[in-house]
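The values are calculated or read from the model by the stated rules, or taken from the named source; none is laboratory data. Values in this document were obtained by computation on a predicted structure and should not be read as measured data. Positions of Cβ are backbone-derived with ideal geometry, glycine not excepted, and every protein chain shown enters the neighbour counts.
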Ligand code: SF4
């Protein structure tokens with residue numbers, strides 16, 4: 001008798017996925033987390049949100065406080081290593097886990113970091129390359145959408161076409177591209193507060209391109225960029241709506257966009 | 001060149017307000033990356049060539065003394081005089097003593113970032129020599145009394161109108177229009193030709209030193225380097241030791257990468273090789289040639305964790321692709337080398353204390369590393385410098401303490417959860433109607449330029465999630 005094909009067997013099982021919520025979604029935009037859970041479950045995953053998680057440690061790491069980031073990374077490795085997959089609704093946090101954690105350690109912890117790196121996925125990549133979503137249940141989104149590719153997702157993880165493909169399949173949306181879409185929006189973590197004038201100028205360039213795209217919704221895969229851009233848009237009085245791509249993919253988003261009130 | 005990198009914060013904010021210049025920079029930031037991308041993809045396996053040169057570079061640096069000896073031996077055989085100098089002062093006084101030995105009065109210079117680094121012109125001028133920059137961009141900024149804003153196009157910050165006015169003021173050539181670029185260039189060419197012929201000493205830089213032949217390679221678009229090298233009786237090549245490469249074909253690989261990365265051209269107008277003084281049956285060329293190899297802390301860099309920075313081929317691509325360089329321009333960086341490569345080099349060639357803002361002028365977007373033909377991991381090196389900044393306690397204390405406190409809190413999930421849960425609930429309630437705050441205590445760095453979006457409301461995700469689970473597992 002043939003043994004069951006291991007691959008086929010696994011595909012019938014539900015994938016054990018840990019959601020890394022990211023500190024910004026946890027604190028500022030819980031609906032990103034709930035949308036991500038809904039999407040992962042629709043794609044046939046069993047989702048756990050480990051309670052011990054806090055943040056990937058990027059603020060300290062990128063600001064050069066590397067020794068302070070190391071124990072944070074170690075805690076994250078311990079928290080997430082029991083799962084088959086770790087899915088992150090952020091390119092920059094996923095990049096931190098998969099690219100920068102291994103560089104922080106040597107020896108045993110380096111091996112553990114590498115193992116975590118191998119199973120860490122940015123959300124839209126996971127939903128296009130590992131677990132596929134079934135046909136959508138919600139009606140198409142009848143809004144003009146443009147997409148901001150955040151730098152870590154784009155350059156460290158190759159996230160570019162995946163969110164566009166998902167928006168097309170799930171929401172019937174053809175993204176209106178931003179001019180200069182390879183260029184950073186000026187968030188850069190602590191950079192945006194340490195060099196606010198330069199950061200604002202970069203946001204303005206991005207926002208001008210967003211306005212020129214004709215879209216009314218700016219979507220993206222990283223809350224850092226979206227909070228920064230929406231804050232700057234509000235300061236300038238621009239009428240643009242900012243949404244994490246998970247919110248759009250999970251269904252018709254009705255609540256206010258990022259940085260919008262309920263007035 | 002006087003070091004003013006610690007004024008980066010003020011200088012960059014001021015630069016952002018110069019609308020005209022900012023607009024020109026933004027065009028440069030759009031055009032040059034397009035040109036570079038087109039040239040790289042037309043080449044074919046550009047990344048393969050990058051990886052190849054990287055291996056050659058690393059090999060050369062690992063056997064540096066061997067290749068430098070080989071270079072020196074071959075160069076001396078061809079009749080060159082080779083001088084190794086430790087620092088800026090030594091380079092400057094070497095050049096001056098060569099000039100004085102020939103009773104030189106006029107010096108014609110090709111573009112050389114190394115002599116900008118050492119401040120050679122000032123010294124020569126003080127000694128009473130007439131120093132003329134012959135690269136068009138360098139000539140323009142010399143006439144204007146300015147410093148370079150870009151390592152490839154030193155006068156990229158100047159508009160045609162500014163240059164026209166400058167020439168009308170500086171050249172006593174009577175009434176003329178000078179309306180078009182070509183009229184301006186023609187005028188500069190005419191003025192410069194005269195001076196080449198009168199020069200006693202020519203000074204140029206080098207893009208590569210070829211160890212096997214003792215030859216130096218120079219890449220230019222104007223041909224002024226050749227005139228500096230061939231017309232005056234004495235030639236001095238001022239460069240740094242890490243330009244050395246084993247073979248001529250390595251220099252050609254570098255040249256292919258350099259021109260495409262710098263301007264998007266498949267080939268520059270002139271690629272010249274200088275091997276030594278005029279031989280008996282040569283019709284022209286200098287009678288005496290010197291090659292000065294400067295160290296200026298490069299040996300320290302070679303021995304440090306930053307040694308990859310020595311692989312830089314000075315193409316300027318990282319500048320053209322850096323949104324911060326394009327935003328604030330080269331002068332804000334306060335020294336010879338701006339942009340990502342400058343933010344690494346300046347602290348290493350001067351001191352971190354005198355330039356510690358520069359490594360922070362980076363969002364880690366990674367676009368520079370993506371295009372750097374020398375595959376230098378610029379964002380990683382900048383992060384390492386920020387770490388050094390922290391270790392040397394150069395960072396503002398409130399930043400450092402804040403980040404460390406935050407990192408500490410992250411390792412105490414219970415406390416973190418309580419604190420953030422409470423704070424976010426309050427902020428969510430306060431910001432519910434407007435959705436964002438114009439001002440917040442302790443968040444001036446954020447709210448100076450943008451509103452602070454309020455949390456969505458309902459408490460943190462972790463709290464809401466725990467509550468839903470308690471209510472019976474229904475999620476989403
Ligand atoms: S660091 Fe790289 S991109 Fe920048 S100038 Fe040097 S070689 Fe060119």
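Residues of segment B:62-102 that are in contact (Cβ under 8 Å) with a residue 40 or more places away in the chain and in a loop (DSSP other than H, G, I, E, B): B:78, B:79, B:80, B:86, B:87, B:102. Every condition in (1) closer than 15 Å to residue B:322 by Cα; (2) away from the ligand (no atom under 13 Å from the Cβ); (3) assigned to a helix (DSSP H, G or I) holds for residue B:341 except the one numbered (2).
When you scan segment B:18-29, do you find a residue that is over 20 Å from residue B:257 (Cα atoms), within 11 Å of chain A (Cβ to nearest Cβ) and within 18 Å of the chain's Cα centre (by Cα), even just one? Among the residues of segment B:18-29, at least one is over 20 Å from residue B:257 (Cα atoms), within 11 Å of chain A (Cβ to nearest Cβ) and within 18 Å of the chain's Cα centre (by Cα), which makes the answer yes.
Among the residues of segment B:384-415, just one is within 7 Å of another protein chain (Cβ to nearest Cβ), over 11 Å from residue A:60 (Cα atoms) and at pLDDT 95 or above, namely B:389.
Only a single item in (1) within 16 Å of the ligand (Cβ to nearest atom); (2) more than 12 Å from the chain's Cα centre (by Cα); (3) more than 21 Å from residue B:50 (Cβ to Cβ) is not met by residue B:369, and it is number (3).
Condition first: more than 16 Å from the ligand (Cβ to nearest atom), at negative phi and out of contact with any strand residue (DSSP E or B) (no Cβ under 8 Å at 6 or more places or on another chain). Can you find one or more residues in segment B:309-325 that meet it? If you could, list the steps in order and put the result at the bottom.
Of segment B:309-325, the ones more than 16 Å from the ligand (Cβ to nearest atom) are none.
Scanning segment B:309-325 turns up no residue that is more than 16 Å from the ligand (Cβ to nearest atom), at negative phi and out of contact with any strand residue (DSSP E or B) (no Cβ under 8 Å at 6 or more places or on another chain).
The set of residues in segment B:290-318 being assigned to a helix (DSSP H, G or I) and within 14 Å of another protein chain (Cβ to nearest Cβ) consists of B:317, B:318. Against the condition assigned to a helix (DSSP H, G or I) and within 7 Å of another protein chain (Cβ to nearest Cβ), how does residue A:68 come out, does it pass? Taking the combined requirement at face value, the residue satisfies it. Those strands (runs of 3 or more DSSP E) of segment B:189-278 in which 2 or more residues are surrounded by 21 or more Cβ atoms within 10 Å (Cβ to Cβ) and within 25 Å of the chain's Cα centre (by Cα) occupy B:201-204, B:208-210, B:215-220, B:234-240.
Residues in segment A:217-263 that are free of Cβ contacts under 8 Å to residues at least 40 places away in the same chain and not assigned by TED's automatic domain parsing to the domain that holds residue A:153: A:254, A:256, A:259, A:260, A:261, A:262, A:263.
If you go through segment A:183-233 and keep only what is more than 8 Å from chain B (Cβ to nearest Cβ) and surrounded by fewer than 24 Cβ atoms within 10 Å (Cβ to Cβ), you end up with A:204, A:207, A:208, A:209, A:211, A:212, A:213, A:214, A:215, A:216, A:217.
Out of all the residues in segment A:193-215, which are within 21 Å of residue A:90 (Cα to Cα) and at pLDDT below 95?
A:193
The residue that is farthest from the ligand (Cβ to nearest atom), counting only those in segment B:345-361 that are more than 14 Å from every other protein chain (Cβ to nearest Cβ) and under 23 Å from residue B:16 (Cα atoms), is B:354.
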